[in-house]
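Heads up: the structure comes next, in structure tokens.
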Amino acid sequence: MLIRLALALTALFLSFRGAMAETVTTFSLDNGLEVVVIEDHRAPVVVQMIWYRAGAADEAPGTSGVAHFLEHLMFKGTDKIPPNAFSALIEAQGGDDNAFTSWDYTSYFQRIAADRLELVMEMEADRMRNLRMTEDDVTTERQVILEERAQRTDSDPGSLLTEQMRAAQYLNHRYGVPIIGWRQEMEGLSHDDALAWYSKYYAPNNAILIIAGDVTPDQVRALAEKHYGPIAPSEGIVPRHRPQEPPQLAERRLTLADERVSNPYVFRTYLAPERDPGAQEEAAALTILAALLGGDGQTSHLARALQFDSQVAVYSAAFYDGSSIDDGTFGLIVVPAPGVPLADAEAAMDAAVADFVAKGPDPAAFERIKTQIRAGEIYARDDVHGLARVYGEELAIGLSIQDVQDWDDILGAVTIADVQAAARKVLDRNHAVTGWLVLPEETSGLAPAETPEEATE
């Protein structure tokens with residue numbers, strides 16, 4: 001019955017997806033700017049997103065945080081726009097704007113009435129090459145990002161553990177450096193550092209312009225040619241050849257003790273393949289694996305095994321992050337029940353993973369999870385901002401329009417055998433970092449943990 005219901009829902013979502021399939025047009029300007037137009041005429045609203053192929057993983061050693069630092073400085077103004085007035089001008093027109101930085105890209109966006117598209121396009125094009133930042137601006141924003149680090153990372157033991165684990169996971173790749181930066185390097189970021197980053201990477205031939213909403217391709221082309229077309233390309237844009245990770249030969253472990261910890265937990269991450277152009281099948285299997293193991297709330301495999309059957313945990317989860325240029329991570333987390341030692345919780349987690357790898361998922365659960373994931377993908381496209389973000393993120397990491405549009409079908413083609421094969425490959429303790437978050441008194445007398453039987457055996 002459950003399988004028939006899941007199959008029926010899948011058919012329903014597929015028909016809905018076909019009805020809602022977005023109309024996408026692409027073209028490039030002579031200066032190298034890639035433009036993607038996603039038509040959605042349901043409401044007179046438009047989203048502009050500009051994605052620069054430059055993020056924290058592209059920073060030179062010693063300047064960690066400069067990509068995020070410049071993101072802040074981009075709101076300072078130009079010769080046309082007064083200092084700190086960018087967002088206020090958009091808000092005065094009934095819109096809103098923001099920006100974000102990742103390891104692989106930096107993005108800026110505005111949501112506004114469709115008849116105000118030219119205004120925001122002119123403003124965004126202006127600051128692509130005409131940013132003005134003074135030494136006072138640099139000093140002020142440097143203090144802002146240091147405060148941001150203090151609030152979001154330094155004051156949160158969980159964030160500190162995650163940061164330390166990424167540094168242990170990536171010994172050579174820049175994914176091991178926090179996006180916000182290491183504090184001692186952030187303190188030294190200068191006007192010259194920010195200007196050098198801006199001059200090199202913020203150029204039309206290193207950017208993707210996404211326009212989604214109540215627009216036509218001809219309208220967008222005319223406006224893009226007018227406002228972005230005259231901007232000269234940068235000669236500094238080269239292929240992104242990054243240091244790669246050496247083979248990881250053994251598990252890495254760490255324990256972070258902090259008096260602010262309220263709930264000790266076990267956290268493990270594995271290196272995992274990313275989504276690749278024309279080859280997304282393994283990433284699709286890992287997406288479904290994460291949902292089956294711990295991404296489906298109380299019905300997931302870890303929840304049933306740890307929270308209900310053995311009752312050694314009060315919370316468990318799994319996640320997969322494969323939207324990246326290079327290897328991403330697959331993670332597991334378990335918060336033990338009161339009185340349960342972390343070692344026991346970790347052993348129970350390993351046993352549950354080994355059981356899943358050996359037996360595979362329940363067929364009914366497998367179909368239900370696939371339906372939920374694909375429904376989520378559909379709902380993510382159900383507004384113009386979601387559409388722009390889906391396309392922008394994937395194009396910024398090197399995928400194509402076709403890859404983005406094929407993703408739903410690739411998810412639908414994943415089999416139980418594919419999921420088990422992905423689990424055997426990725427859930428290998430030799431490729432993992434295991435972290436314990438504990439109170440200081442819980443570290444006394446701790447001995448190095450014995451390595452339990454590998455889940456892949």
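Can you give the net charge of the other residues whose Cβ lies under 13 Å from the Cβ of Thr63, counting K and R as +1 and D and E as -1?
Local net charge: -3.
Taking the Cα centre as origin and putting +1 on Lys and Arg beta-carbons and -1 on Asp and Glu beta-carbons, what dipole magnitude results for region 144-259, to the nearest 20 debye? Don't skip to the end; give the middle numbers.
Working: 12 positive and 17 negative charges, 98 e Å.
Computed charge dipole of region 144-259: roughly 480 debye.
Convex hull volume of the Cα atoms in region 34-161, per residue, in Å³?
148 Å³
Given a 1.4 Å probe and heavy atoms of the protein chains only, how would you sort His191, His173, His41, largest accessible area at the top?
Of His191, His173, His41, the descending order of accessible area is His41, His191, His173.
Roughly what percent of Cα-Cα pairs across region 14-97 reach past 22 Å? Walk me through the numbers before you get to the answer.
Numbers: 1930 of 3486 pairs.
Value for region 14-97: 55 percent of Cα pairs lie more than 22 Å apart.
Using DSSP to call loops (not H, G, I, E or B), can you name the GluC sites (Glu not before Pro) in region 138-232 whose Cβ has at most 14 other Cβ atoms within 10 angstrom? Spell out each step's value before the answer.
On the way: sites: Glu141, Glu147, Glu148, Glu163, Glu185, Glu187, Glu225; in loops: Glu187.
Here the sparse-neighbourhood loop sites are Glu187.
On the full set of protein chains, 1.4 Å probe, figure out the accessible area of Lys226 and give it in Å² to the nearest 10.
Rounded to the nearest 10, that gives 120 Å².
Quick one: dipole size for region 301-360, taken about the Cα centre, charges +1 on Lys/Arg Cβ and -1 on Asp/Glu Cβ, in debye to the nearest 20.
Taking the Cα centre of region 301-360 as origin, the dipole is about 260 debye.
Just tell me which lysines come within less than 20 Å, Cα to Cα, of Lys80; anything on the same chain fewer than 8 places away is out.
In chain and number order, the partners are Lys226.
For Lys359, go through the lysines and keep the ones whose alpha-carbon is under 22 Å away, minus same-chain ones fewer than eight residues off.
Output for Lys359: Lys370, Lys425.
Report the label-to-label distance for Glu148 and Ala222 in nanometres (one decimal), using points 7 Å from each Cα along the Cα→Cβ vector.
About 3.8 nm separates the two model spin labels.
Using protein chains only and a probe of 1.4 angstrom, how many square angstrom of Ile416 are accessible, to the nearest 10?
Accessible surface of Ile416 is approximately 50 Å².
Evaluate the Debye formula for the chain with equal point scatterers sitting on the alpha carbons, no solvent, and hand back log10 of I(q)/I(0) at q = 0.06, 0.14 Å⁻¹, in q order, two decimals.
-0.30, -1.38
Rg and Dmax in Å for region 270-371, alpha carbons only: what are they?
Values for region 270-371 (Cα only, Rg and Dmax): 14.2, 48 Å.
Averaged per residue, what accessible area in Å² does region 215-275 show with a 1.4 Å probe, protein chains only?
Working: 3380 Å² over 61 residues.
On a per-residue basis, 55 Å².
Please report the net charge: other residues with Cβ closer than 12 Å to the Cβ of Pro277, K and R +1, D and E -1. Don't jump to the answer; show the numbers that get you there.
Values: positive: Arg275; negative: Glu274, Asp276, Glu394, Asp403, Asp406.
Taking every Cβ under 12 Å from that of Pro277, the sum is -4.
Tell me the per residue accessible area of region 142-208 using a 1.4 Å probe; a whole number in Å² is fine.
The answer is 40 Å² per residue.
Just by accessible area at a 1.4 angstrom probe, what is the order of Glu393, Glu282 from largest to smallest?
Glu282, Glu393
Roughly how many percent of the accessible protein surface of the chain is carbon and sulfur, given a 1.4 Å probe and a whole-percent answer?
Solvent-exposed carbon and sulfur of the chain make up 54 percent of the total.
Probe of 1.4 angstrom, ligands and nucleic acids ignored: what's the accessible area per residue over region 281-374, in square angstrom?
Using a 1.4 Å probe on heavy atoms only, each residue of region 281-374 averages 36 Å².
For region 238-310, report the convex hull volume of the alpha-carbon atoms normalised per residue, in Å³, without decimals.
Numbers: hull volume 14.5 nm³, N = 73.
Considering the Cα atoms of region 238-310, their hull volume per residue is 198 Å³.
Equivalent ellipsoid semi-axes for region 186-289, as square roots of 5 times the alpha carbon gyration tensor eigenvalues: give them largest first, rounded to whole Å. Display every interim value, and only then the final one.
Values: eigenvalues 312, 118, 67 Å².
One finds semi-axes of 40, 24, 18 Å for region 186-289.
Rank these by accessible area, largest first, 1.4 Å probe: Arg174, Arg149.
Highest to lowest solvent-accessible surface, that is Arg174, Arg149.
Among residues other than Ser155 whose Cβ falls under 15 Å from its Cβ, what is the net charge (Lys/Arg +1, Asp/Glu -1)? Write down the numbers at each step before the final one.
Values: positive: Arg149, Arg152, Arg183, Arg260; negative: Glu147, Glu148, Asp154, Asp156, Glu163, Asp258, Glu259.
Net charge in that neighbourhood comes out at -3.
The values are calculated or read from the model by the stated rules, or taken from the named source; none is laboratory data. Computed from a prediction, not measured in an experiment: that's the story for all the values here. Note that we place each Cβ from the backbone using ideal geometry, even for glycine, and neighbour counts take in every protein chain shown. The protein model used for the area step is the full one, side chains on, heavy atoms only, and it has no ligands, DNA or RNA in it. Shrake-Rupley method; radii C 1.70, N 1.55, O 1.52, S 1.80 Å.
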